[in-house]
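Below is one structure, written out as structure tokens; comments come after it.
The values are calculated or read from the model by the stated rules, or taken from the named source; none is laboratory data. Since we're looking at a predicted model, the values are computed, not measured. Cβ: placed from backbone, ideal geometry, glycine included. Neighbour counts: every protein chain shown. Just the protein is used for accessible areas: all its heavy atoms, side chains included, with ligands, DNA and RNA removed. Shrake-Rupley method; radii C 1.70, N 1.55, O 1.52, S 1.80 Å.
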Amino acid sequence: MSSTATIPAQTTAPRVYRDYGRPAWRRILFTRESAVIGLLILVIIGATFGVRNFGSPITMTYLLLDVAPILLIALPMTLVIITGEIDLSVASMVGLSSVLVGILHQGGLPIPAAAAVAIIAGAVGGALNGFLVTAVGLPSLAVTIGTLALYRGLAVGLLGTTAVTDFDEFWTSLAKSKIGETGIPSIMIPFVLLAIVFAVLLHFTPFGRGIFAIGLSPDAATFSGVNVNRTKMILFILTGTLSAFAGIYYTLRFGSARGDNATGLELQVIAAVLLGGVSIFGGRGALHGVIAGVLLIGVLASALRLANVTSDVINIITGVLLVLSVVSASFLAWLQKKRQGPGRLKRGRTPAAKA
Amino acid sequence: MSITPSTVGPAALELRNVAKSFGAVVALKSASLTVQMNSIHALVGENGAGKSTLVKIVAGLYQRDSGDFLLRGEEVDFSSTAESKAAGIAVIYQEPTLFPDLSVTENIFMGRQPTNRFGKIDRKRMRREVQGLFARLDVRINPDRPAEGLSIADQQIIEIAKAISLDARVLIMDEPTAALSGVEVERLFAVARSLRDEGRALVFISHRFDEVFALCDTITVMRDGEYISTDSIESTTVPEIVRRMVGRDVADLFPKQPAEIGEPVLEVVGLNSAGIFHDVNFTVRAGEIVGLAGLVGAGRSEIARAIFGVDNYDAGTVRIAGTTVPRRNPAAAMSLGLALVPEDRRKQGLVIDATVSRSTTMAIQKQLTKFGLLTSRAENAAARIWASRLEVKTNALDTVVGTLSGGNQQKVVLAKWLATNPRVLIIDEPTRGIDVGTKSEVHRLLSELAGKGLAILMISSELPEVLGMADRVLVMREGRLTAELSRAEATSETVMYAATHASEHHS
Amino acid sequence: NTDGGTTAGGDAGSANLAVTFLPKNLGNPYFDTSDKGGETAVNEFGGTFAQVGPAEASPDAQVSYINTLTQQGVGAIVVSANDPKAIGDALNEARDAGIKVVTYDSDTEAQFRDVFINQADSAGIAKVQVDMIAEQIGDAGEIAILSASANATNQNAWIELMKADLAENHPDITLVETVYGDDDDQTSFDKTAALLQTHPNLKGIVSPTTVGIAAAARYLQTSDFKGKVALTGLGTPNQLRDYIDDGTMTAFALWNPADLGYLAAFAAKALIVGDITGAEGDTFEAGKLGSYTVGADSVVLLGDPYVFNKDNIADFDF
Amino acid sequence: MTMTLTPPSAQTPAPSRSGFTLGLYSFLRARETSILLALILVILVTTIKNPNFLFSPDGWRDLLLTPAILILVAIGQAIVIITRSVDLSVGSVLGLTAYLTGRLFIDIPGIPIIAVFVAGIVLGGLLGLINGALVAFAKVPALVITLGTLYAYRGINVLWAGSDRINASDMPKDFLALGTSSLLSIPVLTIIAVIVLVAAGWYMRNTRGGREFYAIGSEPAAAELYGLRVTKRILIAFVACGALAGLAGVLYAARYGTVNSQAGSGFELDAVGAAVIGGVAIFGGSGTVWGAALGAALLLTINRALPILGVPDFWQRAVVGVLIIGAIVLDRVLSLRQTRKLLEERDDSNV
Ligand SMILES: Nc1ncnc2c1ncn2[C@@H]1O[C@H](COP(=O)(O)OP(=O)(O)OP(=O)(O)O)[C@@H](O)[C@H]1O
Ligand SMILES: Nc1ncnc2c1ncn2[C@@H]1O[C@H](COP(=O)(O)OP(=O)(O)OP(=O)(O)O)[C@@H](O)[C@H]1O
Ligand SMILES: [Mg+2]
Ligand SMILES: [Mg+2]
């Protein structure tokens, strides 16, 4: 930018602007993301020593295979929630994509072609959500409650009573394969690539800045030249597309295309995203926190199952964790305010004497 | 330096050495204010001096850290606004805050609706009272419509009606006239005077000295969270007050320099939007400041929004340097060199929860990227330049803009748009809620920008500002342009006439 | 009582007799009863019994549990499959890790398990239900089926066989609709209501699932159709006692689910200690139930379904 | 705007309309009206196809009976949504109280039915209080909190019930009769739901407390400036919602007769869906409990009508999805047209 204006020099010395109000370690350490990552590390350490068999490499393999769909969908879901919207239809889209892959393959299409159709269907489904939210101007919570029923209904309607199970061995074993000898499932390769793309998109581009701005104030974003509707549209399409991709993975991993695949997954995804520090009101959140949130729930579930704790306790823990994570955040904020209250007066800077 | 007015009985409201800080930000160091019954007391000070904070302490919204707070001679301590209301204090806040989904009537009576024996709200009575109130204030707002979609001015009027209907003994008004035009201001003043004559105490906060001197009896000056002085209004002058507020002399208030007027840059042809504005035609040339005047609600802001592409319009064309600006596409308008400083700073001008750094660079992010990537470092570097150019009062660039004072927020908005290096600047109420020092800086800045060839469309409800700054004045009434006046033709009388009378011929 | 003749027999003393039951879902009285039977058996032969499972009947949730059991290295998994294929790979991985897999109640494809304990052969189950409904409605009229979930392997197999039987032997009975209650009380209840409204001439409902039949009975009991529309299928005596007593229903069938679990546990033990490998013709002892022989496709048949009615229902408590 | 209707007199500068015109106008404009019409249409079409839908005793009973439980939950949900929160835990609360109902009858033989009702409502209210306290005191978004308690309450339910199941035979006949019997050919459950609906509707419209729910939902910051007791209101909203879900749980046990640990799962989306279809704005401040109740009735009636209209079982869910979307799109289109009309009217008045 060129300087269009020079303000006449004032009698006072020029102000010094620090980049940040707090030292770096405080900015990095005292965040929701760091708290979730810390908790994740603690739980892993605790489980490794406290739960028999948890330390074995196979645990990680199963764990990652299990959480892969949640990880994949959590990426675009994070962006959607940061804009202040929500997409409840993702799990239904997983089911629809699974059914499409199934019947198309049954009808003679090779897996890649069937998968491509499913991905396109995902994009179209996402675009329908996006259209209703942006062009028609409806609240996304209401819209996606509707499409949750619609997409699931299409899935169940298309496949009826049956489940398609005759998939090529090649594809089903690819879905479960591991990278070399590492025990890390191959599905992590596309996931890591996508995670990098999404992280860059969200945190290091004007598009990402727009996402945060929309979440904080859609009006102000519009007045700053952010194309709010286009941004939301893109994000809904991405969510639909990645849900469809997760659906393909789901189908191949279990070798079974069914209308009821992944029922209830939407709440798990949203719980993980919120646990990872994304504000449900939009405008706040970071991808590393979300990934840690997904893994935290996954590790806890895996460790507890290994310790023969039943599924109900896992649910209780997931729920309590979610509640605690948000409550503790506001508790800490309250504590900080208390501490910084009147007592800080004497430490306050004396404003520059101007006279 | 200060003259304490002789006290007859306890003061209606007295604050002594009140301090308040928000985290590391000290809003008030030692503020004092003594308001007598039967008087209208002005409270003035630069942006960020702590006026609104003091008001909020009186209202019970904030709790003071230290100091004394007396009401009619008695120590009080409010922990909520309900308590202060019960103690007979009514407050008009700086930013109108209504319930958008509720009707105007409900907004006025919320929390204290008249009820019958069974606890059922007496709607008839509520309606009667509102009609009486509106008649007294000569307000023409449908009391049954929802508050949603009301202009800021209408919202402010409802806030005023609400505060008056409280029948309070102390009425505090924090910049109630910032959004109002002359007629409404006069009406408000008439009511304020009659309230004073009934024996109530009023506090009036404003950055407009003509209003302060026309209305108030006593004036208290604050600076940097500290009490400076209290005088009776007859014994002081505007330059004296300004010197105390700013700590130095302020020169010419409206220093528009003559500039070379060039080619037309912004051309608006036949712009029409059903129900909002009709057949709007005008041009703005390079180096020219065109003032757009009119009563509140005339539809000026809507034209600005339509030109910039935030709102759609039914017909017409907008061109910048010959190129047609596409509809409903602010990004395209920006890339053609259009900038808009909108009227509602907190909702439109700024992402109020974003940092100073991000807010300042919001409109130039694309230029700051390297290989499509944007880093905080690049943003901070750019933001630092603009923050220091406009003297934004903040200590760190990651301060949330919402915590800055109103004037400093306005500076950030200006910085954001000046950073884009625009060809056309549309600026809606450029100095609303800005103190004298900053105001003269803004005016100097606009004048200089025009001198460098920028085309400026300035929408303002402040007549002196329009007359002082504009090379040409357009006047609007009810969605139509009613007059185009040259600088020589434009006087308070000609502008006001055009703003209140339909034009004989359409231009 | 194992004779140490076989190769695996050498391990018998130190054999891993940890047997874990993995039903379709928890909170299902049918599986409660069957797994209780399994527990009795495991205690009899001195192994360790465990039961795990998802809250809702879905194959993906079962896979997580199978994986966990694989990691824990249990001796055998006894599972009722929510999908014949979807849990197959997980089961194979378990078997690769040396775990024996027994399916009961609902089978997977044969290559994924060592042995399937069949409660009654499908043809028999289908036949007993068709016979009951035919008798109750006088071998003519409209009937409907209220099944469990649309993907349930066993129910679907029975329904196919029932259709064939009806077409062949009962030409005057028309099956007008099959609806799915998802083994959920409320859904089954509402579907029953819908069936009765949609088909005013309906003479009977067959519900080959314990949840569905109970919900349908409860709806019928308080509706005008009580006594006019027949209801039969598979259910447990405790659930349906009241409806038999008050005439809402006259008869229904089931095998003894406790025996099913009991037999499955003993089959698991026989696999662990190496008495059987799942080959056709292998025989093993199943405690109080006596001796059983593995049939074709590694299937062990429990016996014929039992028909409960007003006269005999008081003799049962499960 | 509306100034053309009545020219402002000298006395009242604000435009005003007579009570009757106002009433008629708002009735025709109201969201509730269009939902009611849609409901009537569905019933009409289905009845034409199959008269039994309305005219057989069972059809009549089920028409009124089926929505009763969801109506109760939707009323509570509407109150919470109007205050700009949401309660996703209602399904789990319903499940817990339904199981409690069964347990009380089993563990305390001869317990009076009324005591069971009280216990269910109290337990529901307590669970709602936990939600409300977390939302109000910790100032945490309700969606997050109640998503958490959705899991937690359901987990407690499964932990408590295990694989136990309450059967009809475990509960007294009198109690079960409540679930299906009628008074003057109106089912008892429906009567309960309607009484609650009328009371809640009256309260929300005509009392200070009720209006404060709307105010808080419309603009929380303003509510604070007005000195409204926001915390108290949020607590009341959640307790009411929980208590209604608790009542619904008791009625669920009476109606369905069997209760396991999964009773009521998925109810939360139905309840939110009903409120949204009924015109309760998801971001608070507008809508009525009447709308939510009509939304619940419409949702469940469509569910029952589809098989009769010949939509195959498997496709029903898709149709329900289309209908939900259709309802909210229609509402939006109508309100846009209304805005447009108001603007044009203003033009005329300006000339
Ligand atoms: N909630 C808050 N959190 C942090 N800082 C605050 C808050 N409210 C006010 N401040 C700071 O306190 C100081 C005084 O602000 P205040 O709004 O009282 O000024 P003012 O005199 O009303 O200014 P203006 O004329 O611009 O309205 C400013 O520095 C402002 O940034
Ligand atoms: N969202 C809206 N819905 C309906 N009417 C609106 C809406 N926004 C503004 N108006 C109306 O449009 C007219 C023009 O509004 P506006 O106040 O923006 O004009 P203005 O000349 O810019 O005044 P000012 O900027 O001084 O407030 C007013 O009558 C106002 O009430
Ligand atoms: Mg202020
Ligand atoms: Mg304006």
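Observations on the model:
- Test: residue in segment B:193-215 that is closer than 23 Å to B:ALA90 by Cα, small (Gly, Ala, Ser), within 16 Å of ligand 1 (Cβ to nearest atom) and within 14 Å of chain A (Cβ to nearest Cβ): no
- Unique residue being more than 16 Å from ligand 1 (Cβ to nearest atom), at pLDDT 85 or above and surrounded by fewer than 21 Cβ atoms within 10 Å (Cβ to Cβ) when the list is B:GLU504, B:GLU484: B:GLU484
- Residues in segment D:278-293 that are in contact with a Leu (Cβ under 6 Å, 6 or more places away or on another chain) and either farther than 18 Å from D:TYR214 by Cβ or at pLDDT below 85 (or both): D:ILE282 only.
- Put simply, of B:LEU368, B:LEU374 the only residue that is away from ligand 2 (no atom under 16 Å from the Cβ) and either more than 9 Å from chain A (Cβ to nearest Cβ) or touching a residue at least 12 places away in the same chain (Cβ under 8 Å) (or both) is B:LEU368.
- Any hit, segment B:255-267, residues being modelled with pLDDT of 90 or more, surrounded by 15 or more Cβ atoms within 10 Å (Cβ to Cβ), among the charged types (D, E, K, R) and under 30 Å from B:VAL318 (Cβ atoms): yes
- Among the residues of segment B:167-179, some residue qualifies, meaning at least one is within 16 Å of ligand 4 (Cβ to nearest atom) and β-branched (Val, Ile, Thr).
- Scanning segment B:50-84 for residues that are in a loop (DSSP other than H, G, I, E, B) and facing another protein chain (nearest Cβ under 8 Å), we see that the one that is farthest from ligand 4 (Cβ to nearest atom) is B:ASP65.
- Yes/no for C:THR187 being without any contact (Cβ under 8 Å) to a residue 40 or more places away in the chain, touching a Gly at 6+ places or on another chain (Cβ under 6 Å) and surrounded by fewer than 24 Cβ atoms within 10 Å (Cβ to Cβ): yes
- Screening the candidates B:ASP210, B:ASP231, B:ASP197, B:ASP217 for the property of being open to solvent by less than 30 Å² (accessible area, probe 1.4 Å), more than 16 Å from ligand 3 (Cβ to nearest atom) and of a type outside the set (A, V, I, L, M, F, W, C) yields one hit, B:ASP231.
- Selection of segment A:181-197 for residues being touching a residue at least 60 places away in the same chain (Cβ under 8 Å) and within 14 Å of chain B (Cβ to nearest Cβ) yields an empty set.
- A single member of A:LEU287, A:LEU275 is at pLDDT 85 or above, under 19 Å from A:LEU72 (Cα atoms) and facing chain D (nearest Cβ under 10 Å), and it is A:LEU275.
- Filtering segment B:299-312 to residues that are open to solvent by less than 40 Å² (accessible area, probe 1.4 Å) and not in a loop (DSSP other than H, G, I, E, B) leaves B:ARG300, B:SER301, B:ILE303, B:ALA304, B:ALA306, B:ILE307, B:PHE308.
- Only helices (runs of 4 or more DSSP H) whose full extent lies in segment D:28-89 are considered here, and the ones with at least 2 residues that are touching a residue at least 60 places away in the same chain (Cβ under 8 Å) and not aromatic (Phe, Trp, Tyr) are D:31-49, D:57-65, D:68-82.
- So B:ALA354, is it touching a residue at least 12 places away in the same chain (Cβ under 8 Å) and more than 9 Å from every other protein chain (Cβ to nearest Cβ): no
So that you can scan it fast, the table gives a plain yes or no per residue for (1) within 16 Å of ligand 3 (Cβ to nearest atom); (2) out of contact with any strand residue (DSSP E or B) (no Cβ under 8 Å at 6 or more places or on another chain); (3) outside any helix (DSSP H, G or I):
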position: B:GLU129; (1), (2), (3): no, yes, no
position: B:LEU133; (1), (2), (3): no, yes, no
position: B:ARG140; (1), (2), (3): no, yes, yes
position: B:ASP144; (1), (2), (3): no, no, yes
position: B:ASP154; (1), (2), (3): no, yes, no
position: B:GLU159; (1), (2), (3): yes, no, no
position: B:PHE189; (1), (2), (3): no, yes, no
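- Of the candidates D:LEU178, D:LEU147, D:LEU143, the single residue that is surrounded by 24 or more Cβ atoms within 10 Å (Cβ to Cβ), under 24 Å from the mean Cα position of the chain (by Cα), part of a helix (DSSP H, G or I) and not polar (S, T, N, Q) is D:LEU147.
- Filter result (within 16 Å of ligand 3 (Cβ to nearest atom), open to solvent by 10 Å² or more (accessible area, probe 1.4 Å) and farther than 29 Å from A:LEU202 by Cβ) within segment B:376-407: B:LYS393, B:SER405, B:GLY406
- Wholly within segment B:422-507, helices (runs of 4 or more DSSP H) carrying at least 2 residues that are within 16 Å of ligand 2 (Cβ to nearest atom): B:463-469, B:492-500
- Number of the exception - B:ILE92 against (1) within 19 Å of the chain's Cα centre (by Cα); (2) away from every other protein chain (no Cβ under 11 Å); (3) away from ligand 4 (no atom under 16 Å from the Cβ): (2)
- Residue check, B:VAL170 buried (at least 20 other Cβ atoms within 10 Å of the Cβ), under 30 Å from B:HIS207 (Cβ atoms), under 26 Å from the mean Cα position of the chain (by Cα) and away from ligand 2 (no atom under 16 Å from the Cβ): yes
- Among the residues of segment B:313-321, some residue qualifies, meaning at least one is hydrophobic (A, V, I, L, M, F, W, C), away from ligand 1 (no atom under 16 Å from the Cβ) and assigned to a loop (DSSP other than H, G, I, E, B).
- Among residues that are away from ligand 2 (no atom under 16 Å from the Cβ), closer than 30 Å to B:LEU180 by Cβ and among the acidic types (Asp, Glu), B:ASP353 is included.
- Test: residue in segment A:301-313 that is modelled with pLDDT of 85 or more and closer than 30 Å to A:GLY102 by Cα: yes
- Listed by position, the helices (runs of 4 or more DSSP H) enclosed by segment B:329-414 that each have at least 3 residues that are modelled with pLDDT under 95 and closer than 30 Å to B:LEU98 by Cα are B:356-361.
Residue-wise test of (1) among the small types (Gly, Ala, Ser); (2) within 14 Å of chain B (Cβ to nearest Cβ); (3) not in a loop (DSSP other than H, G, I, E, B).
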site	(1), (2), (3)
A:TYR20	no, yes, no
A:TRP25	no, no, yes
A:ILE28	no, yes, yes
A:ALA35	yes, no, yes
A:LEU42	no, no, yes
A:GLY46	yes, no, yes
A:ILE70	no, no, yes
A:LEU75	no, no, yes
A:LEU79	no, no, yes
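- Of the helices (runs of 4 or more DSSP H) entirely within segment D:218-330, those holding at least 2 residues that are crowded, with 22+ Cβ neighbours inside 10 Å occupy D:230-256, D:267-277, D:289-308.
- Here B:LEU15 fulfils each of the conditions (1) outside any helix (DSSP H, G or I); (2) away from ligand 1 (no atom under 16 Å from the Cβ) apart from (2).
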